[in-house]
Each structure stands twice: as C-alpha cells, then as structure tokens.
Amino acid sequence: MAETASLSIILPAFNERDNICTVIESIIDLSLQYKLEIIVVDDDSPDGTSEVVLALARQYSFIRLVRRVGRSGLSSAIKEGLLNACHEYALVMDCDGQHPTSAINQSISHLRDEDLDLVVGSRFLQGSVINGLTNDRESASTFANFLAKKSLSKRYRHLTDYMSGFFAVDLKQGMPIIRSVDVNGFKFLYELLAKSNGALLVGEVPLIFEKRLHGSSKLDIAVAWDFLLSFLHSISLKLIPRRAISFALVGLSGVFVQLFSVFILTNILAYSFHSSLPIAVILAATSNYLINNILTFRFARLNGLNLIKGLTKFLLVSSLPFVANIGLASAYYEHISSNELIAQLLGIIFAFTWNYVASSKFVWNTP
C-alpha cells in the first residue's frame with residue numbers, strides 16, 4: 001500500500017471573505033486522504049477574510065492563517081506560504097472558486113506517479129474547460145503564454161499555461177528555487193520557471209476553470225505591466241534589474257512628453273526653443289514621477305501630502321541632470337547642430353542613470 005502523501009495547500013487571499021469559507025470547506029475532506037495542512041496567506045484584508053479563516057482554524061487544527069501586515073502582493077503571498085509549508089508536497093490555488101478541488105488529487109497523483117518536480121493545472125491543455133475568462137482575458141492569456149514560451153528554457157516548450165495560478169510542487173526539489181524567486185514578478189509560476197533555467201521536471205493536468213464565486217478579478221494595468229517587465233527581464237538574461245527596466249520604460253514615456261511639449265510650445269504657442277525646453281523638462285519629470293509612483297514603486301507608493309513631498313524631492317534629485325539635460329541639449333543645439341530632436345535625446349540619456357539611482361534611494365527609500 002502506497003504511503004500517505006503529506007500535502008500543504010496554499011491559498012493566497014485578499015478580500016475573499018465571501019469565497020474563502022466555501023473553498024476551504026471543499027478541501028477539508030482531503031484530510032482523509034493526506035496528511036494535510038491548509039495555509040491561508042491573507043494580506044490584512046479589510047473585509048474580514050482573516051476572521052473567517054480564524055473561525056475555521058478553531059474547528060480544524062490543520063488550518064493555518066498567515067496574516068501579513070505591511071507586506072502585500074500575490075507572488076510574495078505564494079512564496080511566503082510555500083516557505084511556511086511543513087509537508088512533502090505543496091499545492092497553490094486561488095481562493096475565489098475558479099480552481100476545482102477535483103484537480104488537487106489529479107495533480108498530486110501525476111506528481112508522484114511520474115516522479116515530477118512540478119505539475120501545472122493548465123487552462124489550455126486538451127481536456128481543459130474555460131468558463132471563468134472573458135474573451136478579452138482569454139486572448140490576453142494566450143498572447144502572454146506565447147511570449148512566455150519564447151522567453152523560457154526550451155525544456156518547458158511542451159507546457160501550455162505558464163500563467164496558471166494552480167500548481168503542485170515537490171518541495172524537496174523545488175525549495176531552493178522557490179527561495180530565489182523574485183516576488184515583484186508578474187506570476188509566481190512564470191518566475192519559478194524562469195529562475196529554474198530548465199532544471200525542473202514539469203508536467204500538466206487539464207483544468208476546469210470556473211467563474212469566480214463572488215467579487216471581481218483583481219487583474220489591472222499593474223499586472224500587465226509586471227508581465228512586460230518579467231518578459232524583458234528574462235530575455236535580457238536577468239542582467240538588467242526589473243526596477244531599472246520599469247524606470248527606463250517610464251522614462252521613455254517622459255521622452256514623448258518632453259518632445260510633444262516642446263513641439264506644442266514652439267510651433268503652436270510660438271515660444272523659442274530655449275524658453276520651451278525648461279518647461280518641457282519639468283513636465284516630463286513630473287509625468288515620470290507620477291507614473292513611477294503608480295507602477296515602478298507601487299509597493300512603496302506615496303499618497304496624499306507625501307505624494308507632493310515626493311514630487312519636490314524628485315525634482316530636487318533631478319535638478320543636476322535637469323541642468324545637464326538643458327545645458328547639454330542647448331550646447332549641442334547652438335554649437336554642433338540645430339537638430340532639436342538629437343539635442344534633446346542627448347540630454348535625456350545623460351540624465352537617466354542619475355535619476356534612477358538617486359530617486360530610488362531618496363524619494364521612495366528603496367535600495
């Protein structure tokens with residue numbers, strides 16, 4: 001008779017009060033088949049998710065709550081849950097009802113029978129059913145999976161869903177890689193595969209992906225931004241820090257703000273190039289600051305009065321390259337070429353490195 005498997009089920013949660021009880025109750029009977037623990041990692045949900053979990057934990061000793069205060073994010077919640085897991089195998093699933101309990105046994109059996117390190121519940125494998133994605137989200141997921149396949153090790157080319165939130169892992173094999181996963185990444189599974197560089201033996205099982213029980217999806221522009229960063233980070237062979245990539249992309253938007261502002265000021269409002277340039281640089285810097293606050297440094301996001309203080313610091317930090325930007329652009333324009341585009345680009349490129357390093361440290365207080 002086969003030895004009873006020991007299994008930790010990780011449920012990352014944020015504002016899932018209306019769903020979490022139903023999902024946990026659908027898992028509880030697995031305690032008859034496994035040495036089971038259920039770990040709910042809650043990001044201090046204001047809707048009372050933790051209180052619901054605590055009530056269940058008083059009834060069932062194998063339910064554990066990890067309530068996080070001052071830390072947030074889906075990938076970091078998954079990582080924290082996995083690092084706290086006590087059993088041989090761990091399975092990560094959503095707690096909104098979209099992942100069926102029936103796939104748990106299938107995943108663990110596949111993991112054990114095929115001697116795999118990781119099993120993914122795929123929404124796109126033959127036999128899968130998708131009930132819980134709109135056409136737009138399904139198309140976006142398909143495109144993201146296409147890009148992911150191109151950026152990951154060739155050993156993972158057989159996979160069909162790199163973006164899944166449902167997967168089972170042999171912790172003995174996977175823990176060293178789990179510890180190194182970048183929790184600021186787009187999807188924990190994608191980051192795990194990227195970090196492993198093809199070292200894991202991975203299989204898939206089909207998933208019946210249901211509609212959420214209650215509430216709405218937490219997918220937003222920040223999630224799409226994270227995927228873009230993860231993709232560029234992977235294809236750059238991880239030589240460029242993710243935050244630097246984000247800062248550079250935001251900086252590119254600032255380039256367009258500056259160029260467009262100069263165009264409007266000189267061609268429509270009849271300002272001279274020398275008068276237009278300082279205004280355009282300030283507008284571009286302000287735009288960069290606001291977008292970086294929303295995307296690049298959103299985990300240290302500034303709000304209210306701190307947002308205004310942060311803008312002041314950002315403009316002060318940017319003052320040296322601000323002067324250099326204007327001075328270099330003006331000097332090039334006056335003494336080398338009257339090409340306004342090249343003159344501005346030289347100043348912008350010169351300013352980037354200083355802005356990134358200094359603003360990370362002094363504006364958002366991040367290393």
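The values are calculated or read from the model by the stated rules, or taken from the named source; none is laboratory data. Keep in mind it's a predicted model, so treat the numbers as computed, not measured. Glycine also receives a Cβ, built like all others from the backbone with ideal geometry; neighbour counts cover every protein chain displayed. The accessibility values were calculated without ligands, DNA or RNA, using every heavy atom of the protein model including side chains. Shrake-Rupley method; radii C 1.70, N 1.55, O 1.52, S 1.80 Å.
From the list I108, I63, I130, which one is farther than 15 Å from G203 by Cα, buried (at least 19 other Cβ atoms within 10 Å of the Cβ) and among the β-branched types (V, I, T)? When all the criteria are applied, what remains is I63. Evaluating L118 against the criteria (1) more than 19 Å from L193 (Cβ to Cβ); (2) open to solvent by less than 10 Å² (accessible area, probe 1.4 Å); (3) in contact with a helix residue (DSSP H, G or I) (Cβ under 7 Å, 6 or more places away or on another chain) leaves one unmet condition, (1). Residues in the range 72-106 that are within 16 Å of Y190 (Cβ to Cβ) and small (G, A, S): G73, S75, S76, A77.
Look through G127, G81 and report the one residue that is on the phi > 0 side of the Ramachandran plot and not aliphatic (A, V, I, L, M).
Numbers: G81 fails: on the phi > 0 side of the Ramachandran plot.
The match here is G127.
Of all residues in the range 141-157, exactly one satisfies the criterion of being of a type in the set (S, T, N, Q) and in a loop (DSSP other than H, G, I, E, B), namely S153.
Here is a list: L229, L201. Which entry is modelled with pLDDT under 90 and either closer than 29 Å to Y289 by Cβ or hydrophobic (A, V, I, L, M, F, W, C) (or both)? Even if it seems obvious, please write down each step before you answer.
On the way: L201 fails: modelled with pLDDT under 90.
One residue alone meets the criteria, L229.
Scanning the range 25-46 for residues that are without any contact (Cβ under 8 Å) to a residue 60 or more places away in the chain, under 19 Å from R58 (Cβ atoms), of a type outside the set (G, A, S) and open to solvent by less than 50 Å² (accessible area, probe 1.4 Å) gives I28, L36, E37, I38, I39, V40, V41, D42.
Filtered by the rule that a residue be under 21 Å from S230 (Cβ atoms) and either open to solvent by 50 Å² or more (accessible area, probe 1.4 Å) or among the acidic types (D, E) (or both), the range 293-318 gives I294, F299, R301. Per the conditions (1) among the hydrophobic types (A, V, I, L, M, F, W, C); (2) part of a helix (DSSP H, G or I); (3) closer than 19 Å to S246 by Cβ; (4) at pLDDT below 85, the sole criterion not satisfied by W364 is (2).
The sole residue among F260, F231, F247 that is open to solvent by 20 Å² or more (accessible area, probe 1.4 Å) and closer than 21 Å to Y356 by Cα is F231.
Can you tell me which residue among K211, K238, K218, K187 is modelled with pLDDT under 85, open to solvent by 40 Å² or more (accessible area, probe 1.4 Å) and over 21 Å from the mean Cα position of the chain (by Cα)?
Values: K238 fails: over 21 Å from the mean Cα position of the chain (by Cα); K218 fails: over 21 Å from the mean Cα position of the chain (by Cα); K187 fails: over 21 Å from the mean Cα position of the chain (by Cα).
Matching residue, one of K211, K238, K218, K187: K211.
Residue check: I20 meets all listed conditions (1) within 29 Å of L125 (Cα to Cα); (2) assigned to a loop (DSSP other than H, G, I, E, B) but one, namely (2).
Which residues, counting only those in the range 76-105, are of a type in the set (S, T, Y) and surrounded by 22 or more Cβ atoms within 10 Å (Cβ to Cβ)?
Here is the first cut: in the range 76-105, the residues of a type in the set (S, T, Y) are 76, 89, 101-102.
Of everything in the range 76-105, just one residue is of a type in the set (S, T, Y) and surrounded by 22 or more Cβ atoms within 10 Å (Cβ to Cβ), namely Y89.
Taking the listed residues A57, A5, A77, A13, the one that is in contact with an Asp or Glu (Cβ under 7 Å, 6 or more places away or on another chain) and more than 25 Å from D182 (Cβ to Cβ) is A5, with no other qualifying.
Per this entry, T142 is counted among residues that are of a type in the set (V, I, T), open to solvent by 30 Å² or more (accessible area, probe 1.4 Å) and under 21 Å from the mean Cα position of the chain (by Cα). In the range 196-207, the residues that are within 14 Å of K172 (Cβ to Cβ) and among the aliphatic types (A, V, I, L, M) form Cβ pairs under 7 Å with partners that are buried (at least 23 other Cβ atoms within 10 Å of the Cβ) and at pLDDT 95 or above, at six or more places apart or across chains, as follows: L200/L118.
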